[in-house]
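Asks: What follows is a structure written as structure tokens; I'll ask about it next.
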Amino acid sequence: MDTDVLVVGAGPTGLMLANQLARRGVRVLIVDRHAGPSLETRALGVQARTLEIYAHLGIAERALELGKRAIGANMWTGGRRAVRVPLGDIGYDLSPYPFLLILGQDDNECLLRDALQRRGTAVEWRTELVGLAQEPDRVVAMLARPDGTTRSVAAAWVAGCDGARSAVRELSGIPFRGAPYEHVFFVADTEMTGPMVPDELNIYLWRNGFHLFFPMRGTDHWRLVGIVPPALRGRDDLTLEALIPPIGREAGAALTLRHCSWFSTYRIHHRRAERFRDRRCFLLGDAAHIHSPVGAQGMNTGLQDAYNLGWKLALVISGAGRPALLDTYELERIPVAERLLRTTDQAFSLVVSDRRLSGWIRTRIAPRLLALAMRIERLRRIAFLTISQTGIAYPASPLSETLPGLPKGAPRGGDRFPWIRLRLSEDGPAADLFGRLDDTRFTLLVIGQRAPPDGVPALGGLVSTLVVSDDPANARELARVGIAGPAFFLLRPDGHVGLAGTGVDAAALGRWVSEHL
Ligand SMILES: Cc1cc2nc3c(=O)[nH]c(=O)nc-3n(C[C@H](O)[C@H](O)[C@H](O)COP(=O)(O)OP(=O)(O)OC[C@H]3O[C@@H](n4cnc5c(N)ncnc54)[C@H](O)[C@@H]3O)c2cc1C
């Protein structure tokens, strides 16, 4: 075997997967058909859940230094600022990163690539996957170089992180069902001045469309995104200069363009691969699902796919997990992609619809409703949990189990264990629990009782145990997330609850491991 995993595609998804595998000691070959890293910013929003994963990779601090926190969103209609929604610390008790970080895809890829390099793995550029042959115990991949030469590589597993036109998907014969939207989008990285509130999101809603400005690093640097106005649709030679007057009219003031480093137009599709796996080949990221950019979910969802598959593949390759564990990848991630396609489709239809009623809702009703909703604590929490991807759970997964007796409201099998601060030693300070979780292993979290003396023998060295001491501050923090008495949680390496219960049950822990790993 030439490698354990062949990762096809060095976009954000492939780089995240390669990192997750390399840090667990898996042999990885990562290839990309491009000559080098992409210089286009494309995705811009980094969600809290992604930053939590970046923290485990040691790149969260650098991402925060490079990016801008989205502190507020301003909605403009008819040249007037209709509402401002404060976003600063919107998820203040839900994540150590309670905000949306604005950081371009190119910077994200660079951080991930450097982290991978530090682990001794480099991307093999100018190398394109052109053929796949599945055998019972391996996949033989055909890789082509620009000079026309090819070589075959035998890998135990292949990860198709090769984007919307995925060769892995096509060579595996997996249908990519869905359709294109009729609208054409434009995107530009610019230096501009105008009425935009500096350092904040500025969303311009019109009767027949929208455009928005994302603040980028530096002064007056904006990423401008929107749909091409009706009068300019159907033109192949569209330039940003031609777009400025109509969108300036909608913005209600002159926009001055100083510089444009990237301009592109593109059609958006909403599609999902029928399956995310064909025997030894997996699909992740845009290869598995594409949708409208509403909500800045695309890149983040690919990163989460990789985080979900990474620990499972590593366990199976090391022999600590049975191959059936890999079935849970698509069982867990297809419902996430389905929901994403549905919700982004609904939101997108509202923001682009040409219908008179939709235009009226978009410009008159939606901004006010949104401002009102964000003043209600419960709705604000739901919005953050949804958009930040911290609310993603796998309740229907075969890996998710909740024993009887756990109070309603406590974390359950499949939930991402909530972010809390706990005192884990008697005289120590309260510490961020996430900072104490080792995401290359399982964690047995024991609350209000003694830990089993032998840990979880079936997991051997793959588990660490954290005992939460009795302490009024701990009790308050635990009560905040619905844990009111003795409880235990077996957390998977990705921080989701595998098994939850009240009194520590060594037999149930052993059974969970033997049934699922
Ligand atoms: C113009 C534009 C704007 C966007 N804006 C946003 C946004 O604001 N927010 C957001 O969340 N998302 C946005 N997206 C989507 C976001 O960019 C994607 O979701 C993200 O890039 C997915 O990452 P990925 O790694 O799965 O795929 P990609 O980034 O597409 O990476 C796939 C990689 O695979 C390589 N590859 C392909 N075929 C082969 C092959 N046969 N052999 C070897 N290598 C191969 C490619 O060269 C590429 O490097 C935008 C997309 C576009 C096009």
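The values are calculated or read from the model by the stated rules, or taken from the named source; none is laboratory data. None of the values given here were measured: they were computed from a predicted structure. Please note: Cβ atoms are built from the backbone with ideal geometry, for glycine as well, and neighbour counts cover all protein chains shown. Areas reflect the complete protein model, heavy atoms only, side chains present, ligands, DNA and RNA absent. Shrake-Rupley method; radii C 1.70, N 1.55, O 1.52, S 1.80 Å.
Asks: Do any helices (runs of 4 or more DSSP H) lying entirely in region 1-67 carry at least 3 residues that are of a type in the set (D, E, K, R) and surrounded by fewer than 24 Cβ atoms within 10 Å (Cβ to Cβ), and which ones are they?
Replies: Because the criterion is at least 3 residues that are of a type in the set (D, E, K, R) and surrounded by fewer than 24 Cβ atoms within 10 Å (Cβ to Cβ), the helices (runs of 4 or more DSSP H) in region 1-67 that meet it are 60-66.
Asks: Then there's this: Hey, can you tell me all the residues within region 155-179 that are in a helix (DSSP H, G or I) and more than 15 Å from the ligand (Cβ to nearest atom)?
Replies: Within region 155-179, no residue meets the criteria.
Asks: Now for a different question. Looking at (1) in a helix (DSSP H, G or I); (2) under 29 Å from residue 310 (Cα atoms), which one does residue 389 not meet, given that it meets all the others?
Replies: For residue 389, the failing item is (1).
Asks: Being open to solvent by 50 Å² or more (accessible area, probe 1.4 Å) and within 16 Å of the ligand (Cβ to nearest atom) is the filter here; which residues of region 259-269 pass it?
Replies: Those that are open to solvent by 50 Å² or more (accessible area, probe 1.4 Å) and within 16 Å of the ligand (Cβ to nearest atom): 261, 263, 265, 266, 267, 269.
Asks: Just to be sure, is residue 137 more than 15 Å from the ligand (Cβ to nearest atom), open to solvent by 70 Å² or more (accessible area, probe 1.4 Å) and among the charged types (D, E, K, R)?
Replies: Taking the combined requirement at face value, the residue satisfies it.
Asks: Any residue at all in region 405-426 that is without any contact (Cβ under 8 Å) to a residue 40 or more places away in the chain, of a type outside the set (S, T, N, Q) and not in a strand (DSSP E or B)?
Replies: For region 405-426, residues without any contact (Cβ under 8 Å) to a residue 40 or more places away in the chain, of a type outside the set (S, T, N, Q) and not in a strand (DSSP E or B): absent.
Asks: Looking at region 4-28, I want the residues that are over 17 Å from residue 127 (Cα atoms) and small (Gly, Ala, Ser) and have a partner that is more than 10 Å from the ligand (Cβ to nearest atom) and assigned to a loop (DSSP other than H, G, I, E, B) with Cβ atoms under 7 Å, at least 6 apart or on another chain. Which pairs are those?
Replies: Every condition considered, the pairs that remain are 22/119; 22/121.
Asks: Going through region 202-243 one residue at a time, which ones are more than 28 Å from residue 364 (Cα to Cα), under 26 Å from the mean Cα position of the chain (by Cα) and within 16 Å of the ligand (Cβ to nearest atom)?
Replies: Hits for region 202-243 are 216, 217, 221.
Asks: Could you give me the residue pairs with C-beta distances under 7 Å whose first residue belongs to region 146-160 and is touching a residue at least 60 places away in the same chain (Cβ under 8 Å), whose second residue is in a loop (DSSP other than H, G, I, E, B) and among the hydroxyl-bearing types (Ser, Thr, Tyr) wherever it lies, and which are 6+ apart or on separate chains?
Replies: Here the result reads 160/166, each pair linking region 146-160 to a residue that is in a loop (DSSP other than H, G, I, E, B) and among the hydroxyl-bearing types (Ser, Thr, Tyr).
Asks: Let me ask something else about it. Of the residues 381, 375, which single one is in a loop (DSSP other than H, G, I, E, B), more than 28 Å from residue 324 (Cα to Cα) and out of contact with any Ser or Thr (no Cβ under 9 Å at 6 or more places or on another chain)?
Replies: 375
Asks: Against the condition within 18 Å of residue 73 (Cα to Cα) and open to solvent by 10 Å² or more (accessible area, probe 1.4 Å), how does residue 244 come out, does it pass?
Replies: Taking the combined requirement at face value, the residue does not satisfy it.
Asks: So residue 272 passes all but one of these: (1) modelled with pLDDT of 95 or more; (2) touching a strand residue (DSSP E or B) at 6+ places or on another chain (Cβ under 7 Å); (3) more than 24 Å from residue 137 (Cα to Cα); (4) open to solvent by less than 10 Å² (accessible area, probe 1.4 Å). Which condition number does it fail?
Replies: Unmet for residue 272, out of (1) modelled with pLDDT of 95 or more; (2) touching a strand residue (DSSP E or B) at 6+ places or on another chain (Cβ under 7 Å); (3) more than 24 Å from residue 137 (Cα to Cα); (4) open to solvent by less than 10 Å² (accessible area, probe 1.4 Å): (4).
Asks: Just the residues that are near the ligand (Cβ under 7 Å from one of its atoms), small (Gly, Ala, Ser) and open to solvent by 10 Å² or more (accessible area, probe 1.4 Å), please, taken from region 284-303.
Replies: 296, 298
Asks: Just one of the numbered conditions (1) crowded, with 20+ Cβ neighbours inside 10 Å; (2) farther than 30 Å from residue 246 by Cβ is not true of residue 77; which one?
Replies: Exception for residue 77: condition (2).
Asks: Right, next: Quick check: anything in region 250-258 more than 16 Å from the ligand (Cβ to nearest atom), under 25 Å from the mean Cα position of the chain (by Cα) and modelled with pLDDT under 95?
Replies: The answer is no; no qualifying residue exists.
Asks: I've got another one for you. When you scan region 207-318 for strands (runs of 3 or more DSSP E) that lie fully inside it, which ones turn up with 2 or more residues that are without any contact (Cβ under 8 Å) to a residue 60 or more places away in the chain?
Replies: Because the criterion is at least 2 residues that are without any contact (Cβ under 8 Å) to a residue 60 or more places away in the chain, the strands (runs of 3 or more DSSP E) in region 207-318 that meet it are 209-215, 221-227.
Asks: Okay, moving on. What residue, of 190, 121, 149, is more than 24 Å from the chain's Cα centre (by Cα), β-branched (Val, Ile, Thr) and surrounded by 13 or more Cβ atoms within 10 Å (Cβ to Cβ)?
Replies: The unique qualifying residue is 190.
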